[in-house]
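Below you'll find the structure, written out as structure tokens, and then a few comments.
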Amino acid sequence: MSEPKTVLIVDDSFVSRLWVETFLRQQHPTWIVIVAESGPDALKKIEGHVLNLAILDVNMPGMDGFTLGAVLRKTYESCYITMLTANVKEETQRKANQLGFGIVSKPISNEKMKEILTHI
């Protein structure tokens with residue numbers, strides 16, 4: 001059995017947050033799942049944790065997912081960061097690639113979550 005992981009979910013959509021959190025808790029009940037609705041909220045909640053995975057919404061008010069991801073990358077170099085977006089444009093895909101982030105289109109599904117988890 002593998003070591004429990006710590007996962008951060010950040011999305012301003014309650015439904016998206018709840019779906020991803022529920023999936024993770026059902027599939028991996030020993031993992032620590034931290035849920036936040038904004039970048040600043042996430043940064044407060046992760047203090048003292050070592051992150052293995054961050055699942056970030058691209059479009060959020062205030063701090064967008066790319067900005068948050070860049071901040072997380074400075075502290076959590078080995079954390080796999082993936083972006084969620086309802087609109088995967090070529091520019092968004094290119095930015096994710098440049099930053100070394102994964103990108104997954106919404107709506108999220110079991111198959112998409114399983115693919116994300118192969119990276120950690």
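The values are calculated or read from the model by the stated rules, or taken from the named source; none is laboratory data. Only a predicted model underlies this, so the values are computations on that prediction, with no experimental measurement involved. Cβ: placed from backbone, ideal geometry, glycine included. Neighbour counts: every protein chain shown. These accessible areas exclude ligands, DNA and RNA; they are computed on the full protein's heavy atoms, side chains included. Shrake-Rupley method; radii C 1.70, N 1.55, O 1.52, S 1.80 Å.
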Total residues in segment 1-35, condition of a type in the set (A, V, I, L, M) and part of a loop (DSSP other than H, G, I, E, B): 1
Residue among A70, A86 that alone is touching a residue at least 12 places away in the same chain (Cβ under 8 Å), small (G, A, S), open to solvent by less than 90 Å² (accessible area, probe 1.4 Å) and within 23 Å of V15 (Cα to Cα): A86
Subset of segment 89-106 (residues that are within 26 Å of Q26 (Cβ to Cβ) and without any contact (Cβ under 8 Å) to a residue 60 or more places away in the chain): F101, G102, I103, V104, S105
Filtered residues of segment 8-26 (kept if under 17 Å from E37 (Cα atoms) and without any contact (Cβ under 8 Å) to a residue 60 or more places away in the chain): I9, V10, D12, S13, F14, V15, R17, L18, E21, T22
Scope segment 1-35; condition of a type in the set (G, A, S) and over 14 Å from L84 (Cα atoms); matching residues: S2
Among (1) within 21 Å of V15 (Cα to Cα); (2) in contact (Cβ under 8 Å) with a residue 40 or more places away in the chain, the one test that A42 misses: (2)
Of all residues making up segment 67-120, the number that are in contact with a helix residue (DSSP H, G or I) (Cβ under 8 Å, 6 or more places away or on another chain), part of a helix (DSSP H, G or I) and among the hydroxyl-bearing types (S, T, Y): 1
